[in-house]
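Asks: Quick one: the structure is below, and I'll ask about it shortly.
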Amino acid sequence: MGTAMDWHWLRWTALGGVVALCCGLSACTSNPAVPTAQEAAEAAQAQVEETEARRRARIRLELAASYFEQGKTVVALDEVRQVLAADPGFAEAYNLRGLIYMRLDDERQAEEGFRRALALSPRDPNVLHNYGWLMCQRKRYSEANDAFTQALSSPLYGDKAKTYMAQGLCQARAGQKAEAERSLSKAFELDAANPITSFNLSVLLYQRSDLTRAQFYIRRLNNSEFANAESLWLGIRVERRLGDRVAMQQLAEQLKKRFPQSRELMSYERGAFDE
């Protein structure tokens with residue numbers, strides 16, 4: 001499969017959205033764990049102490065995040081700059097600034113944004129997740145893994161499936177296939193509906209010839225609304241190696257009907273099953 005992990009990641013993000021995967025703003029955290037008494041008390045105190053200036057900054061930051069989600073990157077960046085001019089100690093604003101610069105492919109500025117956010121809020125799992133993904137993009141795999149691990153250690157973090165998935169993808173890029181399989185398996189346990197997780201887990205299992213398990217994950221995906229040319233092609237190759245000609249032909253018919261111009265169909269027609 002070569003460097004397929006990077007390519008599959010880029011293709012699959014269109015299904016869920018980069019913002020949904022990596023945003024890390026307060027509104028993006030779902031299903032948090034129940035806090036301890038001390039953590040609840042600290043949160044209550046922080047809420048009381050929030051200044052009027054911070055409340056205004058938070059409202060403006062929410063507007064910036066909305067622009068970011070709409071793809072209005074330059075406008076979002078301008079809003080974030082104004083937030084930080086008024087409230088330079090706002091960690092979430094630096095986090096969003098990091099995400100904006102990631103989208104703009106300015107890795108240096110993105111890293112600076114996340115580092116500023118972590119200086120202000122060192123244990124924020126959303127910022128740690130985003131910083132970890134940036135480190136993975138920069139091939140600084142050890143730093144990426146450390147950031148993901150720290151994010152996952154937070155008892156209040158409600159989006160662990162997202163981080164286990166990102167950690168698994170990063171470990172696969174680093175050639176750490178056994179670790180990647182473990183991380184993606186944990187992500188699947190927490191969110192079995194995520195197509196990125198299912199696809200990449202099936203790829204890893206196919207690569208090490210664990211074909212029955214690879215079949216389980218790729219069949220679930222191909223029976224869902226998220227099936228695409230890549231998943232159908234992987235399914236064809238899995239079924240071929242398992243000797244199920246009927247299932248293989250059914251998937252091939254879907255590939256021809258739904259994705260007639262795809263390079264996966266061209267590979268099928270050439271019989272290039274092992275490329």
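Asks: Give the residue, chosen from 206, 164, that is more than 22 Å from residue 143 (Cα to Cα), out of contact with any Pro (no Cβ under 6 Å at 6 or more places or on another chain) and modelled with pLDDT of 95 or more.
Replies: 206 is the lone residue from the list that is more than 22 Å from residue 143 (Cα to Cα), out of contact with any Pro (no Cβ under 6 Å at 6 or more places or on another chain) and modelled with pLDDT of 95 or more.
Asks: Answer yes or no as to whether residue 208 is surrounded by fewer than 16 Cβ atoms within 10 Å (Cβ to Cβ), among the charged types (D, E, K, R), under 26 Å from the mean Cα position of the chain (by Cα) and under 21 Å from residue 181 (Cα atoms).
Replies: Spelling it out, residue 208 is indeed surrounded by fewer than 16 Cβ atoms within 10 Å (Cβ to Cβ), among the charged types (D, E, K, R), under 26 Å from the mean Cα position of the chain (by Cα) and under 21 Å from residue 181 (Cα atoms).
Asks: Also, quick follow-up: So, in segment 238-275, of the ones that are of a type in the set (S, T, N, Q) and over 15 Å from residue 222 (Cα atoms), which residue ends up surrounded by the fewest Cβ atoms within 10 Å (Cβ to Cβ)?
Replies: Restricting to residues being of a type in the set (S, T, N, Q) and over 15 Å from residue 222 (Cα atoms), the top hit is 261.
Asks: Any idea which residue in segment 78-123 is farthest from residue 56 (Cα to Cα), counting only those that are among the aliphatic types (A, V, I, L, M) and surrounded by fewer than 21 Cβ atoms within 10 Å (Cβ to Cβ)?
Replies: Per the criteria, the residue is 104.
Asks: If we scan segment 201-208, do we find a residue that is small (Gly, Ala, Ser), under 30 Å from residue 144 (Cβ atoms) and assigned to a helix (DSSP H, G or I)?
Replies: Looking through segment 201-208, at least one residue is small (Gly, Ala, Ser), under 30 Å from residue 144 (Cβ atoms) and assigned to a helix (DSSP H, G or I).
Asks: Let me ask something else about it. Can you confirm whether segment 166-173 contains a residue that is under 24 Å from residue 94 (Cα atoms), part of a helix (DSSP H, G or I) and either out of contact with any helix residue (DSSP H, G or I) (no Cβ under 6 Å at 6 or more places or on another chain) or β-branched (Val, Ile, Thr) (or both)?
Replies: Checked segment 166-173: no residue is under 24 Å from residue 94 (Cα atoms), part of a helix (DSSP H, G or I) and either out of contact with any helix residue (DSSP H, G or I) (no Cβ under 6 Å at 6 or more places or on another chain) or β-branched (Val, Ile, Thr) (or both).
Residue by residue, here is whether (1) under 19 Å from residue 107 (Cα atoms); (2) modelled with pLDDT under 90 holds:
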{"residue": "41", "(1), (2)": "no, yes"}
{"residue": "47", "(1), (2)": "no, yes"}
{"residue": "54", "(1), (2)": "no, yes"}
{"residue": "78", "(1), (2)": "yes, no"}
{"residue": "85", "(1), (2)": "no, no"}
{"residue": "90", "(1), (2)": "no, no"}
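Asks: Give the residues of segment 124-147 that are among the polar types (S, T, N, Q) and surrounded by 15 or more Cβ atoms within 10 Å (Cβ to Cβ), sorted by residue number.
Replies: Selection gives 126, 130, 137, 145.
Asks: Given segment 88-154, what helices (runs of 4 or more DSSP H) lie entirely inside it while holding 3 or more residues that are touching a residue at least 40 places away in the same chain (Cβ under 8 Å)?
Replies: Counting at least 3 such residues, we get 91-103, 125-137.
Asks: Please tell me if residue 219 is surrounded by fewer than 24 Cβ atoms within 10 Å (Cβ to Cβ) and farther than 29 Å from residue 148 by Cβ.
Replies: no
Asks: The conditions are (1) hydrophobic (A, V, I, L, M, F, W, C); (2) over 30 Å from residue 202 (Cβ atoms); (3) touching a Cys at 6+ places or on another chain (Cβ under 8 Å), and residue 90 fails exactly one of them. Which is it?
Replies: With (1) hydrophobic (A, V, I, L, M, F, W, C); (2) over 30 Å from residue 202 (Cβ atoms); (3) touching a Cys at 6+ places or on another chain (Cβ under 8 Å) applied to residue 90, the lone miss is (3).
The values are calculated or read from the model by the stated rules, or taken from the named source; none is laboratory data. These figures come from a predicted structure and were not determined experimentally. Using ideal geometry, Cβ is built from the backbone for each residue, glycine included, and neighbour counts are taken over all protein chains shown.
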